Structures are given as structure tokens and as C-alpha cells.
Amino acid sequence: MNRPRPSKRLAFADVVVTGLGAVSAAGAGVARNWAAVLAGVSLAQRDPALADVPSDLTCRLPDSVDLAAEIGAQEMRRTDRTTQLGVLAAREAVADAGLDPRLWDGARVGIVMGTSSGGATSYEEEYFRYAEDGPEWISPLFGISAPMGLLAGYLAMVLGSFGPNMVVTTACAAGPTAIGTGRQLLRADMCDIVLVGGAEAPLTRMSLGSLYQMGAMSTRLDAPERACRPFDAARDGMVPAEGAAVLVLERAADCVARGGRARALVAGYGASADGFHLSAPDPAGTGAERAIRMALADADLTTGDIQHVNAHGSSTPLNDLTEGRLISRLYESGPAVTSTKGVLGHALGAAGALEAVHTVLALEQGLVPPTANLDELDKELDIDVVAGRPRELPLQAAMTHSFGFGGQNAVVAFTRV
């Protein structure tokens, strides 16, 4: 392909975000999701479907999202809920980028999606069917709906994407891992377009029961809307969520050539492993710092250049303390920090993709969303957490953090274009 040089502000090898899609407890569509995080009001509720779990707090899709109408009854039967959410987000992202799958060269379109628990809903449904009725009652579709790889595989079928196709599963760091991997595919000239992001539907009895048993979930059952409170002194755990987000990535030159809109530059990517503990973060934050410094070097930025951090901010005592101390120690500019999990909950492998969408929008609009339920900052932290209302800032560079079980760390630096 003959690729003209882009504008002076972008180099040939630069990778830009050209489309966004999202679905979460705020509803379907980026506009609804952005309005919700700017409002700064938690969407957590007690979940009747999980009434037998000791902590039944979740951020589930609202009834206004009609998956059957969007996906079709037949496709609903042969796909897991995680995949269904991914389809909604991907379709929106492609449309937002001004692309038409009927017209693109599918062999040059790749998909990299992240997830943590994959087809958790299908696994639980079939397990209980097996336990109650026997193996002859297991659905023949189970083997093609539940495996994690089917998330990207089904998106390829829906969108006519025949290029590299994969699912990354780096726990709660999966979204940024997908972004970084997709960026590398473009830089290696293996694709001209890559859809990246994450999808997760983990709201099952087994998943939440396990999170409760390990002490990771909030137990503030008397006030669900106050349960998720990142960096707050009274935080007591996360609120699990479902959702999906997809970003369309292209080389800057290709975006310019087709008259597309570059929404942000994917300036840098970094990843690392703590090698410390299966669930607890390294209290020194060494692995996370390594990933951040890697992303900054990749972007040719310094810690002083970052004006905004969309933090992992899970509302768990250990994570927020470790991350808050790291931000204070590492970023000399004292960036404006937020955690949008306070509003949307923790969507595990989709969380980082949703937060990447929020980071792009913050750069575009010069608005940092508030962190819900921050009444009193943890006294051990000295960071500038935005609370109460959005903060207007002339942003040029921002970072999004994602840290997951197993000591997985992945971060992405975005800049304005």
C-alpha cells in the first residue's frame, strides 16, 4: 500500500486510536459510559441473581441493553455473554472509526481481545447442568462458546476480519496488554487495522464466591452505592462488574490517507510481572514501576510529562495503597488521578480497556472524571485524586494503569494528536 506521510505532528510509525466502543453498567455506547463516569455516581447494586453469595454487590448491565435484539436469538444460544458484550463494543468502535467491514481488506484486519475469566457464565451453567442432570445434558455448543479464544474468533466472523486473531489473558491487565500487542502488529506491518480491547462477564456464583472468600469484595451491603470507593480511607474491597470496550487502532499514515480521525496517539506501552504473589501486589511496587518506566521510555516522555493518571484503583486496601504510593513517588508532576471503577465497578479483564477509552476521552475533552465515593483520602497517600466533579485541564499526555492477579502489570501512555 502506498502510504503518504501524515502531518508533522505524527510520524509514519505512530499508531493512533480512530474508534471507540463501550458497554457497561452505564449502558451501551461510549456516550452513556462517559456521561456516567463524569457524573461520578456509583452504579453498584445488590444482585438478585447472586442472592446466595455472601456479598452480592455487582455492576451489571441495565435492562435497557437488549442483547437478544442486538445479537439475535440464534447467536445468543451459541455464544457466551462475554462474547456478546464484545460484539456490541466492537460494532460501535468500527462505526465510530468510519470504517465499513464490507469494504475493508479483511486479511489486513486483526483482532486482539483481552479477558480474565472468559466464558465464566457458560462454564457455570454447564457445570450445574452436568451435576444435576448428567453429562448427556451438556450442550454440544459448550465447547465452542466458552473457551477464551472464541471471543476474538467470533468477532472475526461477525466483522470479516481474517488477519491475526488472538485473546490475551493477563488477568485484570488484559485490556492494555491487548492494546500493546495490537500496536506491535501494526508496527510490524502485519495489519492495517487492529481492533483491541477487552470483554468480561464474570458475575457468577463461583466467581463472586471465590472473590468473597479471598476478602477481595466489598461487604457494604447496606449501602451498595457507597461500596466501591477507590483510595478512600474506608474502602473495604472491590465491586465486580461486567462490560466490554474496543478501540480501533491504525497507523497514522493510513488514518490520514483515508481521511479518518485520529482521536489519540498510543504513545507508549509497558508490561512486567511482579513475580511476588498470586493475588497480592508487591508492596514495593517494583514491577509496576518497571512497566510504567518502560511505557514512558517507549513514548519518549518523562514522569513530569504525565498530567493525568487513570489508575487501576480497585478499591481494595492493598492495591490502592501500593499504587497510590507508587504514583506519589514516581510522577514528579503530581498528576490528576482518577479511578473510574468507583462508578462502573471492576470488570476484571475488560476494566483496562474501558479505562483506556476513558483516558482517550479525557485527553480529547480536557476533562478528568471524578472518583466516586472519595470522602477521605487514605492518610498514607499523598496524591491528587479528583473527586466530587470533573476537573478541566489542558491535557497533553496521560497514562492508564492496569494491575492483575499473578503480578501482571500493563500500562499505556496516550497523548493528544
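Quick test of your reading of the structure: E380 fulfils all but one of (1) of a type outside the set (V, I, T); (2) within 27 Å of T286 (Cα to Cα); (3) surrounded by 18 or more Cβ atoms within 10 Å (Cβ to Cβ); (4) in contact with a Gly (Cβ under 8 Å, 6 or more places away or on another chain). Name the failing condition by number.
(3)
Please work out which residue is farthest from G19 (Cα to Cα), limiting yourself to segment 37-93 and to residues that are of a type in the set (S, T, N, Q) and assigned to a helix (DSSP H, G or I).
Keep residues of segment 37-93 that are of a type in the set (S, T, N, Q), which gives 42, 45, 55, 58, 64, 74, 79, 82-84.
After this cut, where a residue has to be assigned to a helix (DSSP H, G or I) as well, the list is 74, 82-84.
Details: Q74: 28, T82: 20, T83: 19, Q84: 19 Å.
Looking at residues that are of a type in the set (S, T, N, Q) and assigned to a helix (DSSP H, G or I), I get Q74.
Tally the residues that are over 18 Å from the mean Cα position of the chain (by Cα) and assigned to a strand (DSSP E or B), restricting the search to segment 190-218.
The initial filter retains those residues of segment 190-218 that are over 18 Å from the mean Cα position of the chain (by Cα), namely 190-193, 204-218.
Within this subset, residues satisfying the condition of being assigned to a strand (DSSP E or B) are 193, 217.
Counting residues in segment 190-218 that are over 18 Å from the mean Cα position of the chain (by Cα) and assigned to a strand (DSSP E or B) gives 2.
Please work out which residue is nearest to A97 (Cα to Cα), limiting yourself to segment 255-290 and to residues that are among the charged types (D, E, K, R), at pLDDT 85 or above and assigned to a loop (DSSP other than H, G, I, E, B). First the steps, then the outcome.
As a first pass, look at segment 255-290 and keep what is among the charged types (D, E, K, R): 258, 261, 263, 274, 282, 289-290.
Those still in the list that are at pLDDT 85 or above too: 258, 261, 263, 289-290.
With assigned to a loop (DSSP other than H, G, I, E, B) added as a condition, the list becomes 258, 261, 263.
Details: R258: 11, R261: 7, R263: 9 Å.
Ranking the candidates gives R261 first.
Check segment 331-354 and report whether any residue there is surrounded by fewer than 24 Cβ atoms within 10 Å (Cβ to Cβ) and within 19 Å of S279 (Cβ to Cβ).
no
On the basis of being surrounded by fewer than 21 Cβ atoms within 10 Å (Cβ to Cβ), more than 29 Å from L318 (Cβ to Cβ) and among the hydrophobic types (A, V, I, L, M, F, W, C), does A257 make the cut? Steps first, answer last, please.
On the way: surrounded by fewer than 21 Cβ atoms within 10 Å (Cβ to Cβ): yes; more than 29 Å from L318 (Cβ to Cβ): yes; among the hydrophobic types (A, V, I, L, M, F, W, C): yes.
Judged against the criteria, A257 is a match.
Here's the yes/no breakdown for (1) touching a residue at least 40 places away in the same chain (Cβ under 8 Å); (2) closer than 15 Å to C172 by Cβ; (3) of a type outside the set (V, I, T); (4) out of contact with any Ser or Thr (no Cβ under 8 Å at 6 or more places or on another chain):
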{"site": "D300", "(1), (2), (3), (4)": "no, no, yes, yes"}
{"site": "A311", "(1), (2), (3), (4)": "yes, yes, yes, no"}
{"site": "P317", "(1), (2), (3), (4)": "yes, no, yes, yes"}
{"site": "T322", "(1), (2), (3), (4)": "yes, yes, no, yes"}
{"site": "I327", "(1), (2), (3), (4)": "yes, no, no, yes"}
{"site": "S333", "(1), (2), (3), (4)": "no, no, yes, no"}
{"site": "G342", "(1), (2), (3), (4)": "yes, no, yes, no"}
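When segment 403-417 is examined, which residues are found to be of a type in the set (A, V, I, L, M), over 10 Å from G352 (Cα atoms) and either modelled with pLDDT of 95 or more or crowded, with 24+ Cβ neighbours inside 10 Å (or both)?
Going residue by residue through segment 403-417, those that are of a type in the set (A, V, I, L, M) are 410-413, 417.
Filter again for over 10 Å from G352 (Cα atoms), leaving 413, 417.
The one that is of a type in the set (A, V, I, L, M), over 10 Å from G352 (Cα atoms) and either modelled with pLDDT of 95 or more or crowded, with 24+ Cβ neighbours inside 10 Å (or both): A413.
Restricting attention to segment 239-286, which residues are of a type in the set (F, W, Y) and more than 21 Å from R325 (Cβ to Cβ)?
Here is the first cut: in segment 239-286, the ones of a type in the set (F, W, Y) are 269, 276.
Of everything in segment 239-286, just one residue is of a type in the set (F, W, Y) and more than 21 Å from R325 (Cβ to Cβ), namely Y269.
I'm trying to understand the selection: among the residues of segment 18-73, which are buried (at least 18 other Cβ atoms within 10 Å of the Cβ), closer than 30 Å to D192 by Cα, at pLDDT 95 or above and among the hydrophobic types (A, V, I, L, M, F, W, C)?
L20, A22, V23, A28, V30, W34
Of the conditions (1) within 25 Å of V194 (Cβ to Cβ); (2) buried (at least 22 other Cβ atoms within 10 Å of the Cβ), V239 clears all except one; give me its number.
Looking at each condition in turn, V239 falls short on (1).
The values are calculated or read from the model by the stated rules, or taken from the named source; none is laboratory data. Everything quoted here is computed from the prediction, not taken from an experiment. As a convention, Cβ positions derive from the backbone with ideal geometry for all residues, glycine included, and neighbour counts pool all protein chains shown.
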